[in-house]
Structure formats: structure tokens, C-alpha cells
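Take a look at the structure set out below.
Throughout, read-outs are computed from the coordinates displayed, never taken from laboratory work. Every value quoted in this text rests on a predicted model; they were computed, and no experiment measured them. Cβ sites come from the backbone with ideal geometry, for glycine too, and all protein chains shown count toward neighbours.
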């Protein structure tokens with residue numbers, strides 16, 4: 001069963017079209033990645049899923065029926081723009097938000113305490129929000145999203161601003177929720193961070209669905225067509241369109257896609273003329289490459 | 001319903017628990033009590049009689065002046081009791097002595113005595129001074145306007161009596177001619193006569209109206225800030241994933257309003273405890289009516305005024321992105337309230353005028369102006385009914401319009417919306 005389905009949803013603001021005829025479905029128990037660059041329409045789409053805004057046209061179905069506000073008790077939401085009442089105590093804040101989701105205060109207090117301990121925040125229950133660091137506040141916000149044990153969890157950029165160990169703790173918590181059969185929607189512009197977590201994805205750009213489906217299938221369909229090179233020296237041939245269709249250069253590491261009909265071995269030979277090659281591998285393209293390839297095939301990204 | 005209740009409860013507790021609220025709530029009555037009680041207490045500690053020397057060779061004038069000066073404080077006190085709430089300061093007793101020697105050496109001598117504090121001041125009444133009616137009063141502290149007023153009226157009486165004496169009218173007859181006239185204002189209320197006075201007719205309604213005025217602005221601004229805070233800290237996004245904007249707005253208004261109401265209740269209770277003995281005393285001794293009926297309407301008008309203005313303030317908070325922007329946009333909301341205070345005096349003076357009628361039924365001004373009118377004189381019941389019906393209709397309409405602005409505004413960051421944009425928000429259902 002689809003937990004959530006968008007059907008030809010459109011939304012425009014004063015001057016621009018934020019979401020343009022967007023359709024996709026999220027299956028129960030899956031981890032779904034809503035991906036796209038900044039300003040692609042991710043947050044606008046999410047707001048329509050949970051009724052903060054209403055689509056101009058199109059429909060939103062949730063749990064197999066047209067959306068209504070009562071469903072929100074089964075949905076958890078971590079917004080991209082984090083916000084908590086600065087002067088409120090952490091525990092009170094969590095209990096308040098859980099009560100709004102229909103929990104009674106005893107259960108809410110018990111669960112909040114458990115979650116806080118689990119994410120290493122056990123000592124901070126009685127502190128005011130403003131006394132917490134940004135990262136801690138973010139963990140508190142995450143707890144607020146999962147406290148009422150939602151069936152469907154929407155996380156907008158959940159890892160931004162977290163240190164590695166907090167990210168790990170969060171990832172573990174998410175994997176456990178997935179094991180329990182919860183459905184999770186990830187929204188992010190950092191495609192590398194979700195590549196390992198998501199089952200299905202939807203890539204959007206300018207409010208349009210540019211690529212969607214099972215992540216493994218998508219990658220397989222691109223085949224082993226990408227080249228990764230670690231090198232020292234110069235690679236002037238990269239900008240030669242007859243050899244390289246697109247590339248992503250990090251200075252001493254480059255990912256590239258050969259122009260149609262070019263053999264990767266041929267490129268290796270050319271590269272060896274101007275640089276020392278430490279590693280050469282033909283791989284499946286990364287999501288980021290696939291995205292660049294679809295959105296703007298002629299575009300080259302040079303980080304160097 | 002549950003969500004609205006939860007939002008309201010959180011808002012109320014968050015406000016009532018702050019140190020600022022507790023201090024303001026407790027300090028305000030304490031401050032009022034201090035204002036009412038302290039000056040009286042301070043004035044009580046009398047410094048003993050004031051010693052004034054009258055330098056004059058004209059014995060007739062000097063004698064009358066001495067009499068007038070020494071009896072003046074007692075007369076003033078009598079007048080005070082007739083006019084409660086007027087001056088409640090006490091004037092020190094005056095002792096006057098006459099110095100018939102109008103020479104320069106007396107001047108020097110007395111100046112030295114004033115300097116040393118033996119004498120509080122002296123009046124120079126040379127024949128020339130009497131002729132020209134210009135008298136010098138020399139004292140260390142010449143800024144005591146109460147004393148100056150007493151001296152002035154005593155001098156006038158003395159000069160007039162001596163003039164009358166010249167025309168052959170004796171002192172007894174003269175003082176009868178000069179006796180003050182008193183006017184007693186009687187208010188006719190439902191066939192019963194009661195003594196009114198300036199205080200209950202003007203000062204009390206005006207004070208109470210100013211209180212509504214201050215509280216409306218304070219709590220209206222509080223609502224605006226609360227909305228703005230939720231918007232800038234982006235808490236609103238989390239809240240809106242659980243509650244509808246209408247529930248959020250309603251809960252917010254009720255929460256802030258309940259906090260304000262709590263404050264007013266505490267103030268009113270302490271005011272009643274402090275003020276009732278005073279009010280009762282006025283009533284029993286002087287048969288002055290304190291408008292208790294109108295006072296009971298105070299909370300009602302506060303609630304209506306709060307709902308009207310805080311709804312507008314909420315929309316304002318949702319439109320802007322910072323406190324500064326809010327300050328700039330506040331004036332359309334503030335205008336009607338300020339308008340009320342400007343016209344309130346005219347309404348007090350003539351509570352049945354056309355102006356008073358229209359201002360007291362127009363919903364943006366009626367919470368203040370109708371309240372003032374009920375203090376002065378209970379208006380006909382149909383006017384009160386009309387006022388309340390219009391208020392309820394206006395609140396309903398404002399909630400609808402401002403709710404729309406609020407719903408869209410709280411999610412709009414960045415640039416301040418223009419008027420056409422806001423109109424589009426209102427049209428957008």
C-alpha cells in the first residue's frame with residue numbers, strides 16, 4: 001500500500017512555480033529519498049503533504065485516502081528550519097509537542113526521557129532550550145518528531161549541522177524505525193548522504209520530477225559507465241567535449257563520464273600523458289553524477 | 001478543541017511564570033498605593049507654624065492682613081473637605097507679626113533673620129507698595145506656590161477691606177460682602193438626587209479608560225511579539241504539522257488574553273481593597289456616587305477591546321519579519337486607540353452628543369468610549385446592546401480577515417508584503 005501519494009500536484013507562489021505537476025508514491029515500510037538542489041521545491045512539496053499549505057491543483061493521498069488533518073497524529077515532521085521555544089524547558093517542550101499529537105502527558109514524559117537518554121541528552125531534561133548547543137537542539141527536534149511513534153516520518157535535511165557521532169546515533173535510530181516497519185521520507189540536497197539509506201528516490205528540479213524509482217534499478221540502468229581517477233598533475237583533456245561528456249573534478253580526484261562511443265581505456269592513455277594516475281576504476285555512477293547528467297548534461301562541476 | 005486548549009495553556013503558563021509578569025503584577029498595586037498614600041504621609045509631618053513679618057506703617061491694612069493670613073490655612077482645609085480628591089496637602093499654620101517701622105535698617109535686619117531661619121519671610125507693605133498694589137515677599141524659598149496663593153488672596157482681602165473702610169463700610173459688613181460663594185453640583189439620576197463632583201465625573205472615568213488603553217496596547221503588542229517570535233524562530237512550522245492555523249491563532253489570543261485578565265483581576269482586587277474604604281467614606285459622608293455599575297463593566301470592555309486589537313496585532317506580527325518592521329507598521333492599529341484618548345474628554349463633558357454616540361458604537365473605539373460613557377452616565381440600554389452586537393460582529397469579521405493574513409504570513413519569510421499582496425492573501429480562501 002502506498003503510505004503517501006502525490007497526484008499531479010502544482011503549487012505556485014507570487015511569481016514562480018514552486019511545484020510543477022509532481023507525482024510520486026511512497027510504499028509502506030520504505031525509505032524514500034526526495035532529492036534535489038536548493039530551491040527545487042522539496043520543502044514546498046512536504047508542506048503540501050502535511051496540510052500546512054494546500055495544492056493549487058492535484059491531490060494528496062495519505063494512508064490510502066484523501067488527506068485530512070486527523071491523519072497528522074500518525075505523521076512525524078522534522079522541518080528544515082528548526083525551531084523550538086527558546087525559553088521553555090526541554091522536557092516541557094517535548095511533552096507539549098507530543099500532547100499536540102494526541103499523547104497524554106504521562107506517556108509523553110516517559111517516552112521523552114527514554115529518547116533523551118538514548119541520544120545522550122539525559123542530563124539536559126530540565127534545561128532551557130536556549131542553553132543547548134545547536135546540535136543538541138537538533139536532536140531534541142528529532143525526538144519531537146518521533147515521540148508519538150508515527151507511522152510516517154518526514155525528515156527535511158536531518159543530518160545538517162550534526163557531528164559525526166550524532167549523525168551515527170541518528171542513523172541507527174532511523175534504521176531501527178525502518179525495521180519496525182515505519183515509512184521514512186528523507187529530503188536533502190546532499191545526495192551522497194542518503195545514497196546508502198534510501199530504497200526509492202525521487203529527484204526533482206524546478207518543481208518537476210526528473211527521475212524516480214528504485215535506487216538500485218536506476219543505478220544498474222546506468223551500468224558501469226563512470227570513471228573514477230586519482231591523479232597528480234594536469235588533466236587538460238577534461239574540457240574536451242569529444243572525449244568527456246561530463247565531469248566532477250576535486251583537484252586530485254575526478255569522476256567523469258566518457259563521451260558516447262569513447263572507451264575508458266582510451267581516456268586512461270590520454271590522462272597518462274599529462275598526469276600520474278594513482279587509481280583508475282570504472283564504476284556505477286553516483287547519484288550526484290546521474291542528477292547532473294539528467295538535469296544539465298553539458299554542465300561540468302569543478303571543485304578544484 | 002484540545003489543541004486550542006493546549007496552545008492556550010502553554011502560552012498562559014509561559015507568560016505568568018516569567019519574573020517580569022510577577023514583578024509587574026505585584027509592583028503595580030504597590031506603586032499605586034504609594035502614589036495615593038505617600039504624599040499625604042509626607043505632608044503630614046508639619047514643620048510648625050510659619051513665621052511671617054508684615055512690615056507696614058498702615059495699621060488698618062496690616063491688622064486685616066494678619067487676620068487673613070492666620071485664618072487662611074483653616075479655611076483652605078474646610079474647602080478641601082468639600083472637594084475630596086482635590087488638594088489633599090495640608091498647609092502649615094501661619095503666625096504673623098506686624099513691624100510698623102518701614103526703614104532700610106528693618107529691611108536689612110529682617111533679611112538677616114530670614115537668612116538665619118528665625119523668620120520664614122516678610123512682606124514689604126510701604127505706603128507706596130499699597131498704592132501701587134505691588135508687594136514684595138522675601139523668603140528663602142519663594143517657590144512655595146501654596147503659600148504664595150494664600151498671601152495673594154489675603155492681600156487682596158486686606159486691600160479691599162481698607163478701600164471699603166474708606167467708603168464707610170465697617171469690617172463686619174465688609175467680610176459679609178467678601179464671603180465666598182459655593183456651588184453645589186447635584187446629579188439627577190433616576191429621580192434621585194446625589195451630589196456629584198469633578199472627581200467622579202471626570203477623573204475616575206478618564207483614569208479607568210487610560211488603564212484600558214495601556215493594557216490594550218501592552219497585551220496587543222504581546223500578541224504581536226508572540227506571533228513574530230514563533231515566526232522568526234520557525235517554531236510555527238512544527239506546530240502547524242499538528243494544529244491548524246486557526247487553532248494556533250485562537251489558542252494564542254486566549255492564552256495571552258487570560259494572562260492579561262489575571263493581571264487585571266489581581267490589580268482590581270487590590271484596588272478594591274485599597275479603594276473601597278475610600279469610596280464608601282465618600283458615599284456615606286458626602287453622598288457622592290462612585291459608579292460601581294460601570295466599574296463592573298470594566299472587565300467586559302477589556303475582553304472585547306483585547307479581542308479586537310490583539311487580532312489585528314496578530315495579523316501584523318505575521319506580516320513582518322522583525323521588531324523594527326513591526327514598529328513601523330503599528331500605526332494603523334494604534335490610530336483608533338489614540339483617537340479615543342483624544343476625544344474622551346469631549347465625551348466626558350457631553351456624554352449624549354452625536355460624537356459620543358457614534359464613537360461609542362463604532363467597534364474600534366467603543367470598548368474605550370462606551371466604557372467612559374457608562375462611567376459618566378448609563379446610556380440607554382439599546383445603545384449598549386447595539387454596541388455589543390457590533391463588537392461581536394466586528395470580532396468575527398476581524399478573525400476571518402486577520403486569520404487569513406496570519407495563515408499565509410507566518411510562513412512567508414524575507415521581504416515585507418505589499419498592500420496588494422496582503423489583499424491577495426485575504427482573498428485566497
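Between segment A:229-252 and segment B:108-126, what is the C-alpha centre distance in whole Å?
Using only Cα atoms to place each centre, the spacing works out to 107 Å.
Determine the gain in length on full extension of the stretch residue B:296-residue B:177; use 0.36 nm per residue of separation and subtract their C-alpha separation, reporting nm with one decimal.
Between residue B:296 and residue B:177, full extension yields 38.1 nm more.
Would you mind checking segment B:207-232 for residues with the amide N under 18 Å from a putative spin-label position 7 Å along Cα→C-beta of residue B:329?
Answer for segment B:207-232: B:220-232.
Quick one: if you stick a label point 7 Å off each Cα along the C-beta vector at residue A:110 and residue B:421, how many nm between them?
Going by the 7 Å Cα→Cβ label model, 4.9 nm.
Points 7 angstrom from Cα along the Cβ direction at residue A:283 and residue A:180: gap in nanometres?
Taking the simple label geometry, residue A:283 and residue A:180 are separated by 3.4 nm.
Normalised by the residues of chain A, what does the relative contact order come to in percent, with Cα pairs under 8 Å and at least six apart?
20
Provide A:148, A:206, A:16 in ascending order of the number of other Cβ atoms located within 10 Å of each residue's Cβ, fewest first.
Exposure proxy ranking, most exposed first: A:16, A:206, A:148.
Over segment A:134-192, what relative contact order in percent results from Cα pairs under 8 Å that are six or more residues apart?
46
Given R₀ = 35 Å, what would the calculated FRET efficiency be for residue B:152 paired with residue B:34, taking r from the Cβ atoms and rounding to 0.05?
0.60
At what distance in angstrom do the alpha carbon centres of segment A:14-65 and segment B:4-36 lie from each other?
Answer, in whole Å: 44.
Just to be sure I understand the model, the point goes 7 Å from the Cα along the line to the Cβ. What's the resulting residue B:381 to residue B:13 distance in nm?
Placing both labels 7 Å beyond Cα along the Cβ direction yields 4.4 nm.
Take B:93, B:407 and order them by how many other Cβ atoms sit within 10 Å, fewest up front. If you can, show how the numbers build up before the last one.
Working: B:93 14, B:407 21.
Ascending Cβ contact count within 10 Å gives the list B:93, B:407.
Please order B:211, A:116 by the number of other Cβ within 10 Å, starting at the fewest.
Least crowded to most crowded, the residues run B:211, A:116.
Which length gain, in nm to one decimal place, applies between residue B:392 and residue B:71 when the Cα-Cα distance is subtracted from 0.36 nm times their residue separation?
109.6 nm is the gain from fully extending residue B:392 to residue B:71.
Can you give me the relative contact order of segment A:101-151 as a percent, contacts being Cα pairs under 8 Å and 6 or more apart?
Relative contact order of segment A:101-151: 50 percent.
Tell me the mean residue ellipticity at 222 nm calculated for chain A from its helices only (DSSP H runs of n ≥ 4, each -39500 (n - 2.57), averaged over every residue, nearest 500). Intermediate values should be presented prior to the final figure.
Working: 9 runs with 94 residues, N = 304.
Result for chain A: -9000 deg cm²/dmol, rounded to the nearest 500.
Anyone know which of A:74, A:136, A:278 comes out most mobile in the 10 Å Cα GNM of chain A?
Ranking A:74, A:136, A:278 by mean-square fluctuation puts A:278 first.
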